[in-house]
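A short worksheet on the structure shown next.
The values are calculated or read from the model by the stated rules, or taken from the named source; none is laboratory data. What you see is a predicted model; the values in this text were computed from it and never measured. Note that we place each Cβ from the backbone using ideal geometry, even for glycine, and neighbour counts take in every protein chain shown.
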Amino acid sequence: METLSLLADGFAIALTPGNLMLAMIGCVLGTIIGALPGLGPSNGVAILIPLAFSLGLDATAALVLMTAVYYGAMYGGRISSILLNIPGDEPALMTTLDGYPMARAGRAGDALVLSGVASFVGAFLATIGLMLLAPWLARIAFRFGPAEYFALYILAFSTLGGIASGNQAKALIATCIGLGIAMIGLDNATGMPRFTFGNLHMMDGIDFLVAIVGLFAVTEVFVFIESHGRESALGVRLGRIVIPVKDIILAFPSMLRSTVIGFIAGILPGAGASLGSFLSYMGEKAMVKDNSRFGKGDPRGVAAPEAGNNAAAGGALVPMLTLGVPGSGTTAVLLALLMTLNITPGPTLFTDRPDVVWGLIASLLIANVVLLVLNVPLVKLFVKILMVPPWVLLPGVTMISFVGIYSLSGSSFDLLLMIGFGVLGYFFRKLDVPTVPIILGILLGNNMEDSLRRAMVISGGDWTYLFSSPIAIGLWIAAVLGFVAPFFLRGLLKRPQAITD
Amino acid sequence: MKRLLKRYLTGAVLGLAMAGTASAYECIAPANPGGGWDFTCRTIGKIMYDIGAVDKPVQVTNMAGGGGGLAYALVVNERNDDPDLIVAASSATATRLAQNAYGGLTADQVRFLGAIGADPGMIAVAKDSPYKTLNDLIEAVKSDPASVTFAGGSAAGGFDHLKVLMMLGRAGFNDIRKVKYIGVDSGGDAITQAVGGHVQAVTGDLSEVVGFLKSGDMRVIAVFTPARIPGFDDIPTAREQGIDVVAVNWRGLYVPKNITDEQYDTWVERLRKVAESDEWKAAMEANGLAPFTLLGKDFEGYLDEVIKEVAQLSRDLGVIQ
């Protein structure tokens, strides 16, 4: 009951006409920022911080605007994933797997509406979770030490083989390439640079946005040039846009399960939205009865990662608010915003500044509803993008990606690197090597290695430390099952088919 | 029509990123938004303009890369005489210069303006830790270095790591390669690890631990400042516990080397005005910074000493040859 009255106070703070206006603007801007490859939620929020200051917004108004942009970008990332096979930001990576095939089959509108609803379910439930359980949930983060994080990453990687529906060996090679790229940069455990060739640009490692834009957007341009656009969703005839009620009902249990997985990944500061959407997708693929359509345009494969990454976005606010530990790049920026507004997140924030916390939660709920309302009707507009002549659209998108990447570091080196990744991606496409595992290797490899190295420092090199807690052991068991089970299951499922053939 | 709208909105978004690069001073934060350098640029830049110390707004540019090295190289190689440019710096800048981590560039290739605030270094333990004082902890390390793991928000060889080594060195323990240290992503991460019992002590800045101090999850057993910090009067300094170490994470600025002395002095004056303003005092308090004002020549002298000590420690540690 107390929660409700606090929430009512929060709404009283957030629901002024001015703030609603800001929420609207934030949602629209965020959606656009999210949809543009190379511009993710974290640079979106960062770019707009100076705007919030120059407009002289107070703490609540600034938060309303920024959280609207944050959630908006999380919603928006899926749009280019589905329409162009280019993830708008890193958590939207998994959405390309089934979203783009749906678009190619002429169901772009369905995929967009479905993923919009999934995003709403994930983000909305995560916000409720944040509201009811935040102080208690923060305690979960304490349970995760290096050993537990390492087991979590092992779990993620053990399911990677199944990501590409075709050749598992190629997925494995791709993962290893990603892990190799993740090695570049400053080694956290010794402070020494690795594989940087004395180049300062390489010191911080390869930014995964550079890799994503290169491997997806630039590669897409090369393939497009070669095939004169035949192998593209662009120019696909569109059916009438209706709300795909059947798909939504079919995918609804997936959304709920993915929300839970994504939310937990979000709460853990070392995990984050990318891991959340990845685990949601793989978990869903493992759990549903018939997963043969995954990777070919299964609606559940669109709903799961979107619910997962939006839930993770809400979950990531838990450690940010209660521990002052940002779980992702974007929450790091939001944390900085709070600090400059003289609000220091930490265990006492909920009691010291209830106005801020509940104002924030209320504005998250508002942003969510606004986004749902905006997104479903706007699908028509987004889908029209596919009717833009591809020779205008693709170079345009690529140009925007270049600007986005340049805004990250202001160095031309990243642009060259991006083109390099594009060439690499082109050859991988020719060799039928999936690129998603490469990105995941880059995204998660560093954290996995750091966890292992930290665990080894703490234990003095004793590897039994990795299995020293119930959580770690549980994750290891899940990882082993996730890796081994597919082999047995395939035997059980496929063999009878072979006979009937 | 709608396409046109989208194009305009896109233009607006991108325009925001680039707006105002003309007719403004520029402060480069050599990191992504959200860190200490970003705070330095945004806060100092804003106060400078608000109190009228500068006549044009200060535009913040984020240039992450090489732990600040990219921005450093840019200033040295390309904008060596730009009088409208300031760059955020902190102890991390000095540490990396001392460790030759900026690709051969040295501290004398720019001019440091000064520091106007510092985050006091500290050692904290979880509330139920058996170590009640700094000496309890140091004794534990001395008798069995493997029994204590320190966690901090910088990589091995970074400033958080070096603080521990300085402290232990002053206490007579010089076998620094035996000291167990893990570098995590942020001070908050380090604290989470300590509260969870995965590590025994946290090395970091006071501002990082303030919330956990209030909630009672963490105890700070020593701060590395010359005197106790106003507002945290019950936390003893290391010095009063017999360990003479001062280590603060200062927040300051540098400018290109080849600007004129008048231009340099103008910037020092502007920074002094910020340091003396009420706005800066409020910002310091809100962010857990302690007063630490060293400007111009004084600061350059201080920096030389720090860089010398860090270089020596890093050689002992094997981070540099």
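What number of residues within segment B:179-206 are facing chain A (nearest Cβ under 7 Å), β-branched (Val, Ile, Thr) and in a helix (DSSP H, G or I)?
Number of matching residues: 2.
What is the residue count in segment A:429-472 for residues that are in a helix (DSSP H, G or I) and within 20 Å of A:Ala92 (Cβ to Cβ)?
Step one: filter segment A:429-472 for residues in a helix (DSSP H, G or I), giving A:429-431, A:436-459, A:463-467, A:470-472.
Narrowing further to those that are within 20 Å of A:Ala92 (Cβ to Cβ): A:429, A:436-445, A:447.
Residues meeting the conditions: 12.
Please go through segment A:195-229 and pick out each residue that is in contact with a strand residue (DSSP E or B) (Cβ under 7 Å, 6 or more places away or on another chain) and on the phi < 0 side of the Ramachandran plot.
A:Thr196, A:Met202, A:Met203, A:Asp204
Name the residue that is nearest to the other protein chains (Cβ to nearest Cβ), counting only residues in segment A:293-313 that are farther than 16 Å from A:Ala92 by Cβ and surrounded by 24 or more Cβ atoms within 10 Å (Cβ to Cβ).
A:Pro299
I'm checking my understanding of the structure. Among residues of segment A:140-158 that are small (Gly, Ala, Ser) and part of a helix (DSSP H, G or I), which one is surrounded by the fewest Cβ atoms within 10 Å (Cβ to Cβ)? Can you show your working first?
To start, the set of residues in segment A:140-158 that are small (Gly, Ala, Ser) comprises A:141, A:145, A:147, A:151, A:156, A:158.
Retained after the next criterion (residues that are part of a helix (DSSP H, G or I)): A:141, A:147, A:151, A:156, A:158.
Working: A:Ala141: 24, A:Ala147: 28, A:Ala151: 25, A:Ala156: 24, A:Ser158: 20.
If we take residues in segment A:140-158 being small (Gly, Ala, Ser) and part of a helix (DSSP H, G or I), then A:Ser158 is surrounded by the fewest Cβ atoms within 10 Å (Cβ to Cβ).
Could you list all residues from segment B:269-321 that are outside any helix (DSSP H, G or I) and either within 14 Å of another protein chain (Cβ to nearest Cβ) or without any contact (Cβ under 8 Å) to a residue 40 or more places away in the chain (or both)?
Filtering segment B:269-321 for residues outside any helix (DSSP H, G or I) gives B:277, B:287-295, B:318-321.
Selection gives B:Asn287, B:Gly288, B:Leu289, B:Gly318, B:Val319, B:Ile320, B:Gln321.
Take the residues in segment A:339-356 that are touching a residue at least 60 places away in the same chain (Cβ under 8 Å) and more than 9 Å from chain B (Cβ to nearest Cβ), then tell me which one is nearest to A:Ala265 (Cα to Cα).
This residue is A:Phe350.
Test B:Gly157 against the stated conditions and say whether it is within 10 Å of chain A (Cβ to nearest Cβ), without any contact (Cβ under 8 Å) to a residue 24 or more places away in the chain and part of a loop (DSSP other than H, G, I, E, B).
No: the conditions fail for B:Gly157.
For segment A:253-282, which positions are part of a helix (DSSP H, G or I), hydrophobic (A, V, I, L, M, F, W, C) and at pLDDT below 90?
So the first thing to find is which residues in segment A:253-282 are part of a helix (DSSP H, G or I), and the list is A:253-267, A:273-282.
Those left that are additionally hydrophobic (A, V, I, L, M, F, W, C): A:255-256, A:260-261, A:263-265, A:267, A:273, A:275, A:278-279, A:282.
Listed by number, the residues that qualify are A:Ile264, A:Ala265, A:Ile267, A:Ala273, A:Leu275, A:Phe278, A:Leu279, A:Met282.
Restricting to segment A:20-49, and then to whatever is touching a residue at least 40 places away in the same chain (Cβ under 8 Å) and either of a type in the set (Lys, Arg) or out of contact with any Gly (no Cβ under 9 Å at 6 or more places or on another chain) (or both), can you tell me which residue is farthest from A:Leu394 (Cα to Cα)?
Looking at the filtered set, the residue picked out is A:Leu20.
In this structure, does B:Val87 turn out to be at pLDDT 95 or above and either basic (Lys, Arg) or in the same structural domain as B:Thr203 (by TED's automatic domain parsing) (or both)?
Details: at pLDDT 95 or above: yes; either basic (Lys, Arg) or in the same structural domain as B:Thr203 (by TED's automatic domain parsing) (or both): no.
In short, no.
Here's the yes/no breakdown for (1) crowded, with 17+ Cβ neighbours inside 10 Å; (2) within 13 Å of chain A (Cβ to nearest Cβ); (3) polar (S, T, N, Q):
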residue: B:Leu74; (1), (2), (3): yes, yes, no
residue: B:Asn80; (1), (2), (3): no, no, yes
residue: B:Ala94; (1), (2), (3): yes, no, no
residue: B:Asp108; (1), (2), (3): no, no, no
residue: B:Leu113; (1), (2), (3): yes, no, no
residue: B:Ile123; (1), (2), (3): yes, no, no
residue: B:Asp136; (1), (2), (3): no, no, no
residue: B:Val148; (1), (2), (3): yes, yes, no
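Mind listing whichever residues of segment B:292-303 are surrounded by 14 or more Cβ atoms within 10 Å (Cβ to Cβ) and not hydroxyl-bearing (Ser, Thr, Tyr)? Walk me through it before giving the result.
From segment B:292-303, those surrounded by 14 or more Cβ atoms within 10 Å (Cβ to Cβ) are B:292-296, B:299-300, B:302-303; that's our starting set.
Within segment B:292-303, B:Phe292, B:Leu294, B:Leu295, B:Gly296, B:Phe299, B:Glu300, B:Leu303 qualify.
List the helices (runs of 4 or more DSSP H) that sit entirely inside segment A:1-115 and contain at least 1 residues that are more than 14 Å from every other protein chain (Cβ to nearest Cβ). Give the derivation first.
Details: elements: A:2-14, A:17-35, A:41-54, A:59-84, A:95-102.
Fully inside segment A:1-115 and qualifying: A:2-14, A:17-35, A:59-84, A:95-102.
Yes/no per residue for (1) surrounded by fewer than 22 Cβ atoms within 10 Å (Cβ to Cβ); (2) on the phi > 0 side of the Ramachandran plot:
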site: B:Ile182; (1), (2): no, no
site: B:Ala190; (1), (2): no, no
site: B:Ala201; (1), (2): no, no
site: B:Gly216; (1), (2): yes, yes
site: B:Arg219; (1), (2): yes, no
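Scan segment B:232-261 and report the pairs whose first residue is without any contact (Cβ under 8 Å) to a residue 40 or more places away in the chain and whose second residue is in a strand (DSSP E or B) and of a type in the set (Val, Ile, Thr), with Cβ atoms within less than 6 Å and a gap of 6+ or a chain change.
Correct list of pairs: B:Thr237/B:Val223.
Working only within segment A:180-232, note down all residues that are more than 23 Å from the chain's Cα centre (by Cα), within 14 Å of chain B (Cβ to nearest Cβ) and part of a helix (DSSP H, G or I).
Scanning segment A:180-232 gives A:Leu200, A:His201, A:Met202.
When segment B:138-197 is examined, which residues are found to be β-branched (Val, Ile, Thr) and under 28 Å from A:Met448 (Cα atoms)? Break it down into steps so the answer makes sense when it comes.
Kept after step one, since they are β-branched (Val, Ile, Thr), are these residues of segment B:138-197: B:138, B:141, B:148-149, B:164, B:176, B:179, B:182, B:184, B:191-192, B:195.
Those that are β-branched (Val, Ile, Thr) and under 28 Å from A:Met448 (Cα atoms): B:Val148, B:Thr149, B:Val164, B:Ile176, B:Val179, B:Ile182, B:Val184, B:Ile191, B:Thr192, B:Val195.
Working only within segment B:164-201, note down all residues that are under 25 Å from B:Glu240 (Cβ atoms) and touching a Lys or Arg at 6+ places or on another chain (Cβ under 7 Å).
Result: B:Phe173, single match.
Taking the condition buried (at least 22 other Cβ atoms within 10 Å of the Cβ) and under 25 Å from A:Asp187 (Cα atoms), does A:Gly441 pass?
Details: buried (at least 22 other Cβ atoms within 10 Å of the Cβ): yes; under 25 Å from A:Asp187 (Cα atoms): yes.
Criteria met by A:Gly441.
Among the candidates A:Leu374, A:Leu360, which residue alone is surrounded by fewer than 24 Cβ atoms within 10 Å (Cβ to Cβ), part of a helix (DSSP H, G or I), more than 12 Å from chain B (Cβ to nearest Cβ) and of a type in the set (A, V, I, L, M)? Talk me through it step by step, then tell me what you get.
Working: A:Leu360 fails: surrounded by fewer than 24 Cβ atoms within 10 Å (Cβ to Cβ).
Selected residue: A:Leu374, the only one of A:Leu374, A:Leu360 that is surrounded by fewer than 24 Cβ atoms within 10 Å (Cβ to Cβ), part of a helix (DSSP H, G or I), more than 12 Å from chain B (Cβ to nearest Cβ) and of a type in the set (A, V, I, L, M).
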